[in-house]
Amino acid sequence: MVPPAPGDDRPPPPRGADNSRRRYADFLHRWRTAPDTIDAKDKPSEPTAEPEPAPGARATARQRYRQWLWPRRRAIASMLLLGIVGIAIDLIWPVVSCHLFDNVILDGTRAPADRQHELVLWSAIMLGIYLFGSLLGYVRTMQSTRLFAHLAFDLRRHLYGRILRLPLDEVYALKTGGVISRLSSDVDSTTGLLQNALLSPVLAGLRLVATVVVMFWLDWRLALAAIVVMPPVMLVHARFIGRVRPIWRSIGADRQEVDARVGEAVSGLRIVRGFARERAETRQFTVGHHAVIKKQVLSARTHGAVNLVWSLLMPMATLAVVAYGGWLVIDGTSTIGTVVALQAYLWRLLEPVMQIANSISETQRGLAAMERVFELAAKPAEKPDRPGARPAAADFRVLRFEGVSFGYGNGPLVLHELDLEVPRGATVALVGPSGAGKTTFSDLVARFHDPTQGRITLDGTDLRDLQLASYRALLGLVQQETFLFDGSVRDNIRYPRRSASDAEVEAAARRANADEFVQRLPQGYDTKIGERGVKLSGGQRQRLAIARALLADPAILILDEATSNLDTESERLIQESLTGLLRGRTTFVIAHRLSTIASADLIAVFDGGRIVERGTHRELLALGGRYRRMVELQAQGVVDPWQQDRSTA
């Protein structure tokens, strides 16, 4: 597909085709007609997800950027000072060369020995000055490296800490690729703004002004001839460079999407291979990168238009100085030394102009990254503590749900008017069909979400009036999809309590029936288990998760389908582990298997976001309701008795 020519009023290419040409054609049309609409994901089939930040948001981002730089202001000032000294040293030689040509080398009125002596003297002085300048340059380079490394680390640490504390729905919206993109390339580009938007243009501006002043001091006529060609070039540069920023913002969004897709494919590699989707995933990766490459070429082409003009500037300026300077020398109104010095200053004049131009270009890229970084950094943390919030007591007596309803965002309610009282140390089993609200209920217990209506209290105190960190410290969580980190067995068990001794770690593993298989691993507790524990079986991963919870010693424990999808032997071992884990703890168990829930102190039957039955196992059997039908169907070998019961109801 051929992109539309400039000024083409034809409609954009049809959306929905998943190939790089159509993506790029759609992007190019919007870049030419409405660039503000392309500063986000440019996949044609998806709506814009990251609109161009409002001017107020940009101003806020710049303010936060200045605040971030402020603690390093002395190091920045030191780099500026060293740069200024370097500029002064660099500007000395052309003046000295002018003196040497006019008053030493070409001065036939002086004795040769006298002229040779002065030539050697000036050469020695300039050598010393340049050695000193090289030393300052080395010091400045080391300071720059150290400064930028610390700035990048500080920003990454702050951003990573913020991401870990964001509401879950916002983190999930970022996707893994988006998180990694912001922590890596976006942080690097944001850090580079210090060089591209401050140090480089300031020093280049000072060099430019100083060079122009010296040039006019030497010969104002040659100086005018040298700089007269620059204003048109700057106008051309300003015309083209403002269109680069939307391109780089779009490239950043595309890379985020590609990175996220790669992360999903690697995490779900078994599914990819199981359905023979390797070629399809490779094609998706290729399409995404082709679109990025095309946009990079467009950016380079835009830069090339500017660079083309710059490439003509140097020969024109050089010709102007040599021709006009030679005319003045022949006319007797100037000197060869002045022409030579002006020629040297011409190179020094173009260098800062090029630096300023490149800084403007790179700044466009950096500003787009800065807005993304500080937009994320400015997001409020998950559930900040209310004024006067107090610590949660580990020896609480009762946890209550009082008229609790909940809905995700602005969506409909998924839980309705729940009332439940759970004494300390009780085990509550949450049962019901998929989508009935069990996991959402447990998320409210963990304060991953807060009720839309009603409240949850701990000894009569609303959880929102307790310090979140202190309340979460009471919790332990064992999920169906066990998450283990890429480290050793010991590190994974020790995760909730880093100060735990090796003996405590191994004791927790024995209580979780994990010690036996761990001892058979190649390096025992020091064995690396791979990302998400990929080197272990499902039952082994689940036992390590239980050991981790045992070591944490939580007051409130949430078990979400902890024994599902396991073989009989693994389930038996885990049931034995759970017996010790549940003892003396307030526990919420989400399960389908009768063996897991029959001994619970209270069973709550969920359906449609409501608790439709509650009681002990015996009480619910006697009630003859949905729970009893589930038990009977399970005894008949029905795999999903809740779904079977719902379909026959």
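Other residues lying with their Cβ under 14 Å from the Cβ of residue 356 contribute a combined charge of 0, Lys and Arg counting +1, Asp and Glu -1.
Rounded to the nearest whole Hz, the Karplus-based 3J(HN,Hα) values (6.51 cos²θ - 1.76 cosθ + 1.60, θ = phi - 60°) of segment 388-404 follow the sequence x, 4, 10, x, 7, 8, 6, 9, 5, 9, 8, 10, 10, 9, 10, x, 7, with x at glycine and proline. Each of the peptides 478-487, 252-261, 203-212, 63-72 was scored by the mean count of other Cβ atoms within 10 Å over its residues; in descending order, highest first, they stand as 252-261, 203-212, 478-487, 63-72.
Protein heavy-atom surface of segment 483-523, 1.4 angstrom probe: 46% of the accessible area is carbon and sulfur, with nucleic acids and ligands not counted. Under 5 Å between amide hydrogens, built in the peptide plane, is the criterion, and for residue 476 it picks out 556, 557, 558 among residues at least 5 positions away or on other chains. Between residue 589 and 428, 429, 430, 559, the built amide H atoms are under 5 Å apart, and every one of these is 5 or more places off in sequence or on another chain. Summary of packing: across the peptides 344-351, 365-372, the per-residue average of other C-beta atoms within 10 Å ranks them, highest first, as 365-372, 344-351. Remark: spin-label model distance residue 598-residue 152 equals 6.0 nm, labels positioned 7 Å along the Cα→Cβ axis. Restricting the calculation to Cα atoms, segment 75-185 yields a radius of gyration followed by a Dmax of 26.5, 86 Å. Geometric descriptor of segment 327-448, per residue, is 271 Å³ (volume of the convex hull of the Cα atoms).
The values are calculated or read from the model by the stated rules, or taken from the named source; none is laboratory data. These figures come from a predicted structure and were not determined experimentally. Using ideal geometry, Cβ is built from the backbone for each residue, glycine included, and neighbour counts are taken over all protein chains shown. When the accessible area is computed, the model is the full protein with side chains, heavy atoms only, and any ligands, DNA or RNA have been set aside. Shrake-Rupley method; radii C 1.70, N 1.55, O 1.52, S 1.80 Å.
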